[in-house]
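S.K.: Let me begin by handing over the structure; questions about it come next.
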Amino acid sequence: MTSVPMFRIPRPFDMHTHLRQGPLMRLVTRLTARHFDGAIVMPNTNPPILTGEDACRYQSDIMRSARGANASFLPLTLIKLTMETTPDIIIQAKKLGVVAAKMYPVGVTTNSADGVDLDKLRELYPTFKAMEDTGVILCIHGEVGGDVFVLDREEFFFEYLRQLHRDFPTLRIVLEHITTKAAVDLVRNLGKTVAASITLHHLFLTLNNVLCDPVGAGEFLRPHHACRPYAKRPEDRDALVRAAISGDPKFFWGTDSAPHPFDKKEADCCAAGVWTTPVALPLLVELFEKHEALERLAGFSSQFGLAFYGIKRRTRMLTMVKRAWTVPLAYDVRNGAKFVTKIVPFRAGQKISWKVARY
Ligand code: NCD
Ligand code: ZN
């Protein structure tokens, strides 16, 4: 009998994910908890997570959902910054254990209509100061909105990042889900209080995979590859891969796994988000194996993010095994026995070579 390649890694910590609410949350949380030790959970729910109390309630709901899959799963729920977020809200949230707050510029992504008006960024300076003083991390969706050409929106945001870093040099900032070589270069050149998360899908996709995939097959527009910020050029994707496998602790993994009901994705004005949870870790292993960088996987997928956040964990190990499996076409969301909707994973129907052996 030939032996199947297998190896053990620390369970990854997802530094950016969306777990949603209700029955969708229960399914997605269970699947996340099987593969991940914990996650930074984004607050763009409906209604949003705006205060420390909201974050604590949301965290308890998630923990209850995770229990059957991984009782030690640690969801760290963030609060969402709006123009109404006061320094006092930050101080209270910090007391309740909130580690970070997320800034969405108005209208740039899912549920961001109540986001931050970049023209009035200075009005929030007392709030940023409170974050800097209390050590609450600023997570940023780094895109501008308005009429700016959609592929330039990340780069147009850089001036705001530079401004915040200059005015609050000890505020820890995470530029989330970067998509360009320019963003990699910028983050690398800014001070050590600035880091970036990189998603799973931006390590694989370019804009071609959104607009005409499979390339050359005469089939176009893949709503399940549509997300904010959009995947960009091949050279951008390659720069993200290089940053991920480089061992530079400024770059860490945040899947930005963002499920939406299938009929919101397969629709005119489709929702933005790629749902990668069930395939994220196996595909990341595939990628690091291809680049002969498996020894740097643990840094990117757990250690660097935890270190930036200052989170200490006695992380349990996970066994990966090389055994091909086919990704389901969809996962049913149920409320008890009642079918609610389905969600379509990244790489639906395709074969993947690595598998998580034991949870
Ligand atoms: C995310 C979502 O659906 O909540 N969508 C996305 O395309 N990434 C929000 C976000 O992180 O931008
Ligand atoms: Zn996100």
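The values are calculated or read from the model by the stated rules, or taken from the named source; none is laboratory data. All values reported here derive from a predicted model rather than from experimental measurement. Cβ sites come from the backbone with ideal geometry, for glycine too, and all protein chains shown count toward neighbours. What goes into the accessible areas is simple: the full protein's heavy atoms, side chains included, and nothing from ligands, DNA or RNA. Shrake-Rupley method; radii C 1.70, N 1.55, O 1.52, S 1.80 Å.
S.K.: Of all residues in the stretch 33-53 being of a type outside the set (D, E, K, R) and assigned to a helix (DSSP H, G or I), which is surrounded by the most Cβ atoms within 10 Å (Cβ to Cβ)?
M.R.: Across the stretch 33-53, the extreme among qualifying residues is Ala33.
S.K.: I'd like the residue in the stretch 218-236 that is outside any helix (DSSP H, G or I), away from ligand 2 (no atom under 16 Å from the Cβ) and over 14 Å from Ala182 (Cα atoms) and, out of all such residues, is most open to solvent (accessible area, probe 1.4 Å).
M.R.: Phe220
S.K.: Output the number of the condition that Val150 fails; it satisfies all remaining conditions of (1) in contact with a His (Cβ under 9 Å, 6 or more places away or on another chain); (2) within 21 Å of Glu235 (Cβ to Cβ); (3) within 13 Å of ligand 1 (Cβ to nearest atom).
M.R.: Checking Val150 against (1) in contact with a His (Cβ under 9 Å, 6 or more places away or on another chain); (2) within 21 Å of Glu235 (Cβ to Cβ); (3) within 13 Å of ligand 1 (Cβ to nearest atom), the one that fails is (1).
S.K.: Just a yes or no: is a residue in the stretch 89-110 touching a Pro at 6+ places or on another chain (Cβ under 7 Å) and either surrounded by fewer than 24 Cβ atoms within 10 Å (Cβ to Cβ) or modelled with pLDDT under 95 (or both)?
M.R.: No, because not a single residue in the stretch 89-110 is touching a Pro at 6+ places or on another chain (Cβ under 7 Å) and either surrounded by fewer than 24 Cβ atoms within 10 Å (Cβ to Cβ) or modelled with pLDDT under 95 (or both).
S.K.: Give me the pairs, please: first residue somewhere in the stretch 220-235 and near ligand 1 (Cβ under 9 Å from one of its atoms), second residue anywhere and of a type in the set (D, E, K, R), beta-carbon distance under 6 Å, and either six or more positions apart or on two chains.
M.R.: Note: pairs meeting the criteria are Pro229/Glu143; Pro229/Glu154.
S.K.: How about the stretch 13-26: which of its residues are open to solvent by 20 Å² or more (accessible area, probe 1.4 Å) and either modelled with pLDDT under 95 or part of a helix (DSSP H, G or I) (or both)?
M.R.: Result: Gly22, Pro23, Leu24, Arg26.
S.K.: Still on this structure, please answer the following. Quick check on the stretch 247-269. Is at least one of its residues touching a Pro at 6+ places or on another chain (Cβ under 7 Å), touching a residue at least 12 places away in the same chain (Cβ under 8 Å) and either over 22 Å from Gly142 (Cβ atoms) or more than 16 Å from ligand 2 (Cβ to nearest atom) (or both)?
M.R.: yes
S.K.: Still on this structure, I have one more. What number of residues within the stretch 171-204 are farther than 30 Å from Tyr125 by Cα and open to solvent by 10 Å² or more (accessible area, probe 1.4 Å)?
M.R.: Adding up the residues that qualify gives 1.
S.K.: Right, another one. Determine whether the stretch 126-136 contains at least one residue that is within 16 Å of ligand 2 (Cβ to nearest atom), in contact (Cβ under 8 Å) with a residue 12 or more places away in the chain, part of a helix (DSSP H, G or I) and touching a helix residue (DSSP H, G or I) at 6+ places or on another chain (Cβ under 8 Å).
M.R.: Among the residues of the stretch 126-136, not one is within 16 Å of ligand 2 (Cβ to nearest atom), in contact (Cβ under 8 Å) with a residue 12 or more places away in the chain, part of a helix (DSSP H, G or I) and touching a helix residue (DSSP H, G or I) at 6+ places or on another chain (Cβ under 8 Å), which makes the answer no.
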